[in-house]
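Trainee: Next up is a structure, given as structure tokens.
Just so you know, all these numbers are worked out from the coordinates, no wet-lab data involved. Given the structure is predicted, the values throughout are model-derived calculations rather than measurements. Positions of Cβ are generated from backbone atoms using ideal geometry, with glycine treated the same way; all protein chains shown enter the neighbour counts.
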Amino acid sequence: MKKKNKEDQDLKNIFEKKHLIKAPKVAHEKSLVAFQQGLESSKMTKPANPKFKRQLFASIGSAAVIGIMVILLLDTDLFANNDPSSTPSPPAADVEEETVEEVEENMEQSGQPIHLNDIGEDEEFINEVLERPIFDANSYSPNLQSFDNAFVLDLPTNWSMEETTEDDHLNVYLSGDETEQIQIILFNKEQTDGALIDYAEELLSNYNHTDQTIVPSSSIIEKITQEPLSFNRYEMLFPFNIEEAQVYAFKNEDIGRYYEIFIAEFFNRQMIYVADLPLDNKETWQTSWEMLASLAPEEMPYLMLDETEMHPTYARPVEGEAIVHLGALRIDSIDIELYVNEELGMTSYIESGTETEKIDEDVYTEWRFYDRRFSDFSFYSYGMVKEGFPLDQGYQPIFNTFGMDPALYNEKDGAIPHHYNYGNNSGGNNYNGYIEFFEVEGNWYFERVHEDYQDYNGGIFHERMRLLKNEAEHF
Amino acid sequence: MNDHELIYRIQQGDHQAVITLHKRHADRIFHYLYMQTGSYHDAEELLQDVFFKAARNLKTFKGKSSFKTWVFKIARHTVIDYYRGSQKEKDTQSMEMDKFDFIGKYVDSAEDTALNHIQMNEVIKYIEELPSHYQSVLHLRFFEGFSIKETSKIMGKSVLAVKSIQHRARAALNQKMKMEVYDA
């Protein structure tokens, strides 16, 4: 058994010895009533504040609780009946609903602090949030702007951007010509969940509002699936897992503003995204989503390494994730692992699941990397030349050395030194590639990408080659 | 009957399904809340909140994850609110150790002999001394049996972040146990 599996099993054994701490009977009863009340209250239009529910249930004795349960169990029409006025609820519950309404109204009007986790769903408002006009991509004309020296976004023409750095986070302020204001807060250090929400709530306390709702990620996914964004780069639609993001919307009808907030993990960094937009100009709402979806690393592959497990000899993380291009427009995330080649005297990163093959010839040694999930015939490789390699004799001897027909050589204007393209599209064979030689500390190496179009793979081997070369460290 | 079928029946107005679904999960959520708060009383109160919120949002449950994962995520948010709202600090000292009632002896491999010198309740004591997010991951992974991916959903963190926390938690636990052996 691997050490990690053994340690996992040990911990499972420890936890299996723990006895389940059962809820006392009264807690069972009260929470069942809360469950029942929640189901009933979800049929009402206004979300209730569970804090008041807790106060209510704390004041109900267990005898009353049992009484309520009996009523619930006996009343077979309770669920089917959508009219709350005809529901035989206990008097205390009626009083409580009224209190919730009053308190909520007061809170909203006075702009008291927001408690995000208490915000429920307001279906009517959610529909309003999702109802956005078809976006006119032609009028968007964005320019690529970088921030934090690491990321980019599509900034529409006539918008401005400002960036400030705080102790533990970066602020990016975006301003549009239709009074749109967007703030992106990107944290440098991991915040606890509570601290992150505290931060968001403090930020939002500046925005008085008259309506609020949580926006289920599933409804955003459904909306964008039906009406895709202009640049649909990510499988998860946004540069974070939308299913794990928290999304809220607010509006202030008195001053005509709409606010939306996304709390998400953006490439291993916690992010709060707040958009402050004109309530009556819904085209600007879609711009907010377009910009959010345009966020991306400035350079790819962008690595997020797991530094908890380091290689004992080479002191590099043994695994992680890489954000890579997928085709011309899409962006993907792949699992990567440390690649150690003692013969080459090199470490780097390759995608997990990559197969390697060593080819040892008289004047060079080549390590080929295959990924059968994408192609049986394509590969990329990294190699080292030996003494006698015809490096300075032009492409013909080099092609001969690699067993390739020199007629396949594609000469290009402004060629990179020691870079040789080749290609073939005749006789049923359709492939192309390149070989490039380079020097590291007096030794000559080469990189190569060979793409076979029998099973076209969208250029992923170029991207994997870039990962291997960018991250290569020779020792 | 699985959870998804019960939820379907609840939406059709089946009273018994409400009771069954609640009964199936109440104790495990209570245990989690108790572990997070260290207070029997507060865990009782929070259990109501969790079920109230779950019921309020049940119609948004699409069945993409398991109901257990979904309701634990609600429980986690409820605990976050609890700390924020009450300005409470987690009182790990107040944990009622007798409730755990651990039995058996931790049997370990020869390569990790340190554990053989330590009683089970001491291992648990060390776990309780870990930062709360370490404890959460260990509990969700090894007590509740959630996968890394499910744990990441509940905690609202990436898979990589959960793996990282789990690794750190395990390293911190090993360190504590080694120090104990050394001190002894």
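Trainee: Can you give me the long-range amide H partners of A:Glu227? Hydrogens built in the peptide plane at 1.01 Å from N, cutoff under 5 Å, separation of 5 or more residues or another chain.
Mentor: Here nothing satisfies the definition.
Trainee: Ordered by residue, what ³J(HN,Hα) values in Hz, to whole numbers, does segment A:329-342 give under the Karplus form 6.51 cos²θ - 1.76 cosθ + 1.60, where θ = phi - 60° and Gly and Pro are x?
Mentor: Residue by residue, segment A:329-342 yields 10, 7, 10, 10, 10, 10, 7, 10, 9, 5, 10, 10, 10, 5 Hz.
Trainee: Return the long-range amide H neighbours of A:Gly320 (sequence gap of 5 or more, or a different chain), with a cut-off of under 5 Å between placed amide H atoms.
Mentor: Here the answer is A:Asp306, A:Ile336, since their amide H atoms fall under 5 Å of that of A:Gly320.
Trainee: Report the Stokes-Einstein translational diffusion coefficient (µm² s⁻¹, integer) for segment A:160-275, Rh taken as the Kirkwood radius over Cα pairs, at 10 °C with viscosity 1.306 mPa s.
Mentor: Translational diffusion coefficient: 104 µm²/s.
Trainee: Ok, one more. Which of the chymotrypsin sites (Phe, Trp or Tyr not before Pro) across segment A:220-324 are loop residues per DSSP, with 15 or fewer other Cβ within 10 Å?
Mentor: Qualifying residues, ordered by number: A:Tyr314.
Trainee: Please list the non-local residues whose amide H lies under 5 Å from the amide H of A:Ala296, H modeled 1.01 Å from N, same-chain partners needing a gap of 5 or more.
Mentor: Counting only residues 5 or more places away or on other chains, the set is A:Val152.
Trainee: Would you tally the net charge around A:His28, using a Cβ to Cβ cut-off of less than 11 Å, leaving A:His28 out, and scoring K and R as +1, D and E as -1?
Mentor: +1
Trainee: Determine the shielding of peptide B:36-49 by partner chains: average, over its residues, the number of Cβ atoms on other chains within 10 angstrom of each Cβ.
Mentor: Mean partner-chain Cβ count within 10 Å for B:36-49: 5.
Trainee: Report, as an integer, the average count of C-beta atoms from other chains found within 10 Å of each Cβ along B:152-159.
Mentor: Per-residue shielding by partner chains comes out at 5.
Trainee: Using θ = phi - 60° and the Karplus form 6.51 cos²θ - 1.76 cosθ + 1.60, what ³J(HN,Hα) does each residue of segment A:168-177 get, whole Hz, x for Gly and Pro?
Mentor: Taking θ as phi minus 60°, the curve returns 10, 7, 10, 10, 10, 10, 10, 10, x, 7 Hz for segment A:168-177.
Trainee: What does the highest-first list of B:43-51, B:145-153 look like by mean Cβ count within 10 Å?
Mentor: Final packing ranking: B:43-51, B:145-153.
Trainee: Can you work out ³J(HN,Hα) from phi for every residue in segment A:281-291, in order, using Karplus 6.51 cos²θ - 1.76 cosθ + 1.60 and θ = phi - 60°, giving whole Hz and x for Gly and Pro?
Mentor: 10, 6, 4, 5, 5, 5, 4, 4, 5, 4, 5
Trainee: What is the distance in Å between the Cα centroid of segment A:242-306 and that of segment A:384-460?
Mentor: Comparing the Cα centres of segment A:242-306 and segment A:384-460, I get a distance of 45 Å.
Trainee: What's the exposure ranking of A:Val33, B:Val159, A:Val440, A:Val324, going from fewest to most Cβ atoms within 10 Å?
Mentor: Ascending Cβ contact count within 10 Å gives the list A:Val440, B:Val159, A:Val324, A:Val33.
Trainee: Turning to a different aspect of this structure: Would you please give the FRET efficiency between A:Tyr453 and A:Asp280, computed as 1/(1 + (r/R0)^6) with r the Cβ-Cβ distance and R0 = 35 Å, to the nearest 0.05?
Mentor: Efficiency, rounded to the nearest 0.05: 0.10.
Trainee: Can you pick out the pairs among A:Lys282/B:Lys59; B:Lys64/B:Lys149; B:Lys23/B:Lys59; A:Lys25/B:Lys23 whose Cα atoms lie more than 18 Å from each other?
Mentor: A:Lys282/B:Lys59; B:Lys23/B:Lys59
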